[in-house]
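The values are calculated or read from the model by the stated rules, or taken from the named source; none is laboratory data. Please read these numbers as outputs of a predicted model, since none were measured by experiment. Cβ: placed from backbone, ideal geometry, glycine included. Neighbour counts: every protein chain shown. With ligands, DNA and RNA removed, areas are computed over all heavy atoms of the protein, side chains included. Shrake-Rupley method; radii C 1.70, N 1.55, O 1.52, S 1.80 Å.
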Amino acid sequence: MRRSTSGRAAVLRTPLGISTLVLLVAVVGVAVVAPLVLGSRAETIDVAAMDQGMSAQHLFGTDPLGRDLLARTLVATRLSVVLAVITTVVAAVVGVLAGALPFVLGRRLGRLLVATINLSVAFPSLLLALFLAMIFGVGAQGAVLTLALAMAPGFARLTHSTAAAVAGSDYIAAARLLRVGRARIVLRHILPNIAEPLVVNATTTVGTALLSLSGLSYLGFGVQAPDYDWGRLLSDGLGSIYTTPAAGLLPCAAIVVAGLTFILAGEVATQVVSGRSRRRGTARRVVTAPVAPVAEDTGPAGDVVLRVEDLTVTFPDRGTRPVRGVSFEVRAGEVVGVVGESGSGKSLTAAAVGALVPHPGVVEATRLDLAGRDVRRLGRAERDRVLGTSLATVFQDPMSALNPAVRVGLQLAEVSRVHQGLSRRAAAARAVDRLAAVDIPSPERRAREYPGTFSGGMRQRAMIGMSLMAEPSLIIADEPTTALDVTVQQGVLALLRDVVRQRNAALLFISHDIAVVSRIASRVLVMYAGQIIEELPVSALVDDAAHPYTRALVASIPDMGMDRRLPLATIDGRPPEPDRLPVGCSFAPRCPLADVGCAEQAPPLVAIGENRRVACWKPPSDVGGPRSTAGEGGRG
Amino acid sequence: MSVLELRDVVVRFGSGAHATTAVDHVDLVVDDRSVVGLVGESGSGKSTLARAVVGLAPLRSGEVLLDGQVIRSAGKRQDRAVRDRGALIQMVFQDPYSSLDPRMTVGDSIAEGIAAGRRLRDARRTVGGLLDLVRLNPDHEHLLPRQLSGGQRQRVALARALAADPEVLIADEITSALDVSVQGAVLNLLRDIKDETGVSVLFISHNLAVVRYLADHIAVMAGGSVVEFGDAVQVTEQPRNPYTRTLIAAVPTLLR
């Protein structure tokens with residue numbers, strides 16, 4: 001709740017938001033106040049002041065009956081806006097009903113209604129309105145009704161298509177299984193979930209309705225004398241446009257300003273709504289064009305490829321710090337696993353290395369060296385070049401990382417053409433070669449196919465192939481096997497292992513699944529609440545982990561040998577919220593060993609052996625006690 | 001007594017040359033108070049089979065029976081009383097982030113299940129009692145799904161399904177969207193609930209180790225057919241089908 005309000009406020013603080021708000025207040029204010037203050041001035045006939053030009057008394061002159069033009073234009077705001085709003089409301093009610101009805105009616109009737117809606121959307125609404133005006137007759141009431149009916153199909157179509165998306169969701173299926181009635185499903189489940197786009201659309205539609213109503217009045221179908229709206233004023237004033245230009249120009253300006261106001265308001269509403277839904281999504285789904293590595297001089301094997309010191313990622317808008325002081329190294333030819341639950345900061349850590357942290361995240365570090373270059377100190381272009389040539393990334397969902405409309409071979413080739421300047425032909429040949437390197441059968445044929453024809457495992461192979469278009473010194477793989485079947489997972493893991501071995505690249509392998517990590521990594525970093533809480537060789541995972549959290553994670557994996565009569569091992573509680581971190585050890589509230597001291601002060605990450613670090617006040621004595629501080633501040 | 005029986009179930013999508021058979025002549029029995037585990041990879045047809053049982057996918061041929069009474073059969077729309085009986089089979093979905101209405105409080109979601117239970121078989125469950133059954137704090141009644149963790153949401157989904165007082169519960173990959181540390185708690189809970197309520201369970205998962213933990217019998221699906229069925233211990237320890245052996249080898253365990 002708190003987050004959504006701040007999201008709303010943020011949009012309203014933008015220049016667009018501020019100007020829209022000012023305009024909206026002005027238009028509504030004039031609509032309310034003008035008839036009260038200027039009513040008599042606008043309607044009193046003054047034969048002494050007929051058809052006057054600009055003067056101090058009548059700023060923009062008078063009409064043929066001596067009435068003040070500015071006053072008339074301002075007073076007309078109320079009728080113009082009110083009619084537009086009524087039109088929109090009627091159109092929305094009729095449209096939403098028609099759009100939702102197919103979900104209540106049976107299949108056949110529903111289809112007929114949908115077809116009718118689709119057909120009527122094809123008619124331009126103003127044309128339809130003119131036609132309907134013949135039926136309803138002229139006058140304000142007729143204009144509102146005709147226009148509302150003409151605009152209703154748009155609402156109906158929007159309602160139906162957004163509702164259809166919601167109707168396919170699991171919670172509707174669950175309601176159907178509970179034999180909840182169709183009408184109730186529409187009222188309780190569907191309408192509340194499509195309200196946002198409908199409101200946004202309605203706001204924009206007020207602007208459109210305003211323009212169309214003015215058009216109808218101008219043509220004589222709408223508001224009739226002695227009432228007047230802007231369209232009526234325009235129609236009256238246009239005849240004397242050469243003598244008193246303001247008579248025509250003022251209502252024109254008013255229509256433009258008010259129309260723009262409501263269309264902008266719709267735009268702002270869209271931003272508010274989508275800004276909030278963006279916030280709901282995970283920050284980790286950052287998809288960028290995979291980067292193309294060029295052979296970088298990384299020195300002999302075993303050299304440090306990635307060195308991260310005291311890395312933090314902060315989201316100032318939410319006041320959270322999902323990564324808090326992380327330090328680690330990855331060497332050439334090494335596979336380092338990063339394990340943690342969702343929200344542990346593991347994916348953001350990787351994103352920070354690749355400069356892929358989503359806006360408005362702020363990345364800070366005392367060191368962030370990739371292939372010997374401190375990425376933080378480079379200019380933007382140079383940084384992109386270093387990242388583009390030394391780093392390759394493989395994401396969880398290969399379908400969203402590959403463009404479904406471009407042939408696989410072309411997508412791979414593009415990498416080399418952009419980053420390595422290869423010719424079209426050379427890049428295409430290289431793409432086929434790399435597809436072969438990742439064991440894709442008949443690579444020449446496959447290169448000409450679209451991603452949609454690839455299975456999940458094949459797509460992930462193609463992504464790995466893309467990451468190998470040149471020789472990356474570091475590959476970051478973020479949950480690369482999570483979306484794959486268990487039998488396919490093994491093949492992809494083996495492929496990644498081979499890639500690292502053959503090319504002496506370094507691999508940072510991120511997963512929530514410690515079992516998968518144990519099959520590929522030699523060293524494991526365990527993350528919890530934004531910090532590394534343990535670093536250990538994979539051989540120590542099973543019996544020799546030092547941190548109670550690591551032990552609990554290991555114990556919670558169901559395996560084929562466990563006693564079926566016993567309950568599965570679990571970790572009670574849940575990780576702390578990023579905006580409500582405990583003062584002491586962040587695992588203390590869930591830790592069976594925790595005491596008062598643990599809750600008061602956070603344990604530092606200390607070295608307890610070669611390639612071993614742990615942040616715990618109570619590591620078991622058999623893995624050795626704290627010896628030296630590894631220089632990582634875990635406090636706070 | 002509540003026995004779920006599938007007889008010669010076929011589910012086919014599309015028509016003509018583009019038709020694909022998702023479920024190919026499957027026979028399966030879930031005995032009273034027992035748990036049948038259904039294992040297979042994506043595309044094996046296990047989820048489609050589950051959806052067909054609860055009426056979310058159309059049967060091309062075959063029948064679904066509850067306690068010997070046909071509640072669903074191909075091409076025939078059952079009368080209302082029979083369809084209502086179908087609500088005695090409830091399902092918990094894979095993704096707790098999409099299976100709860102984001103605009104509805106926990107209490108309101110569960111109340112829909114309670115209303116179904118009351119209407120269909122005069123069951124008198126309460127929101128508080130159900131939250132207690134799934135080990136959630138009764139205060140959660142007034143929260144919206146986005147205020148809950150994945151594991152908590154899955155408990156709410158479980159409570160909603162149980163609110164209808166079902167005879168059979170279908171659990172379709174209910175832990176695969178959850179963190180490993182949460183998975184165990186949800187599986188333990190499901191096992192406890194089965195013991196407490198006596199509901200029969202069709203438990204679907206791609207992970208044989210998870211299925212082995214819960215199921216009395218295991219059915220292995222591949223390409224739309226059940227390729228192996230048997231006692232859970234026997235299937236996991238002496239698999240007959242080579243595909244079952246592949247699945248066992250693929251179980252993600254720590255490499256020692």
- Note on the structure: Listed by chain and number, the residues whose amide H is under 5 Å from that of B:ARG33, excluding neighbours fewer than 5 places away on the same chain and using placed H, are B:SER2, B:SER200
- Item | Potential lengthening between B:VAL70 and B:SER34 on full extension [0.36 nm per residue; Cα-Cα distance subtracted] | 10.9 nm
- Query: When the helix-only estimate is applied to chain B (DSSP H runs of n ≥ 4, each -39,500 (n - 2.57), divided by the residue count), what is the mean residue ellipticity at 222 nm, nearest 500 deg cm²/dmol?
  - Reply: -10500 deg cm²/dmol
- Task: Calculate for chain A the 222 nm mean residue ellipticity that helices alone would give, adding -39,500 (n - 2.57) per DSSP H run of length 4 or more and normalising by residue count, nearest 500 deg cm²/dmol.
- Result: -16000 deg cm²/dmol
- Query: Which FRET efficiency value, to the nearest 0.05, is calculated for A:VAL583 and B:LEU143 with the Förster distance at 30 angstrom and r the Cβ-Cβ distance?
  - Reply: 0.70
- Carbon + sulfur, % of accessible area of chain A - ligands and nucleic acids excluded, 1.4 Å: 60 percent
- Item | List A:LEU119, B:LEU131, ordered by accessible area with a 1.4 Å probe, largest first | A:LEU119, B:LEU131
- Note on the structure: Once normalised by the length of the stretch A:364-430, the mean sequence separation of its alpha carbon contacts under 8 Å that are 6 or more apart gives a contact order in percent of 19 percent
- Message: Buried accessible area between A and B (1.4 Å probe, both chains summed, ligands and nucleic acids excluded), in Å² to the nearest 100?
- Response: 5200 Å²
- Message: Below 25 Å, Cα to Cα, which lysines can A:LYS346 reach? Residues fewer than 8 away in the same chain don't count.
- Response: A:LYS618
- Peptide-level mean, for B:216-226, of C-beta atoms on other protein chains within 10 Å: 0
- Quote the Stokes-Einstein diffusion coefficient, in whole µm² s⁻¹, for the protein assembly as shown, based on the Kirkwood radius over alpha carbon pairs, a temperature of 4 °C and a viscosity of 1.567 mPa s. 41 µm²/s
- Item | Kyte-Doolittle mean at least -0.5, axial Cα span of 18 Å or more - DSSP H helices of chain B | B:106-121, B:150-163, B:180-197
- Query: Which stretch or stretches of the stretch A:161-194 have amide N atoms under 20 Å from the point lying 7 Å from A:VAL121's Cα along the Cα→Cβ direction?
  - Reply: A:161-169, A:190-194
- Rounded to the nearest 0.05, what FRET efficiency do A:THR482 and A:VAL28 give with R0 = 56 Å and r taken as the Cβ-Cβ distance? Could you check? 0.65
- Note on the structure: Taking A:173-185, A:428-440 and ranking on average Cβ neighbours within 10 Å, highest first, one gets A:428-440, A:173-185
- Query: What percent does the relative contact order of chain A come to when contacts are Cα pairs within less than 8 Å and at least six residues apart?
  - Reply: 11 percent
- Take the Cβ-Cβ distance between B:ASP24 and A:TYR242 as r, set R0 to 56 Å, and report the resulting FRET efficiency rounded to the nearest 0.05. 0.10
- Accessible area, 1.4 Å probe, largest first: how do A:GLU610, A:GLU382 sort? A:GLU610, A:GLU382
- Using the Kirkwood formula over every pair of different C-alpha atoms, what hydrodynamic radius in Å results for the stretch A:2-280? 20.7 Å
- Message: Give the average over all directions of the projected area of the C-alpha convex hull of the stretch B:89-161, one decimal, in nm².
- Response: 4.4 nm²
- Message: If each residue of separation counts as 0.36 nm, what is the full-extension length gain between A:ASP595 and A:THR453 once their alpha-carbon separation is subtracted?
- Response: 45.5 nm
- Item | Cross-link reach list, lysines versus B:LYS194, counting only Cα pairs under 22 Å and skipping chain neighbours closer than eight places | B:LYS46
- Message: To test your reading of the geometry: what angle, between 0 and 90 degrees and rounded to tens, separates the Cα axis of helix A:125-136 from the longest principal axis of chain A?
- Response: 40 degrees
- Message: At 7 Å along Cα-to-Cβ for each site, give me the label-to-label distance between A:VAL199 and A:VAL93 in nm.
- Response: 1.9 nm
- Provide the descending list of Cα extents for the stretch A:456-599 along its principal axes, expressed in whole angstroms. 54, 38, 27
- Would you work out the relative contact order for chain B, in percent, from Cα pairs under 8 angstrom that are 6 or more residues apart? 25 percent
- How far is helix A:15-43 tilted, in degrees, relative to the longest principal axis of the Cα atoms in chain A, given as a value from 0 to 90 rounded to the nearest 10? 20 degrees
- Give the angle, between 0 and 90 degrees and rounded to the nearest 10, that separates the Cα long axis of helix A:486-503 from the longest principal axis of the Cα atoms of chain A. 70 degrees
- If A:ARG307, B:ARG155 are ordered by their accessible area, calculated over protein heavy atoms with a 1.4 Å probe, which sequence runs from highest to lowest? A:ARG307, B:ARG155
- Item | Zone of A:LYS618's modelled label, taken as backbone nitrogen in the stretch A:575-611 under 13 Å from a point 7 Å along Cα→Cβ | A:585, A:587-600
- Note on the structure: Using alpha-carbon positions, the gyration tensor of chain B gives root eigenvalues a ≥ b ≥ c; with a/c under 1.5 called rounded, otherwise prolate if a/b exceeds b/c, else oblate, the class is oblate
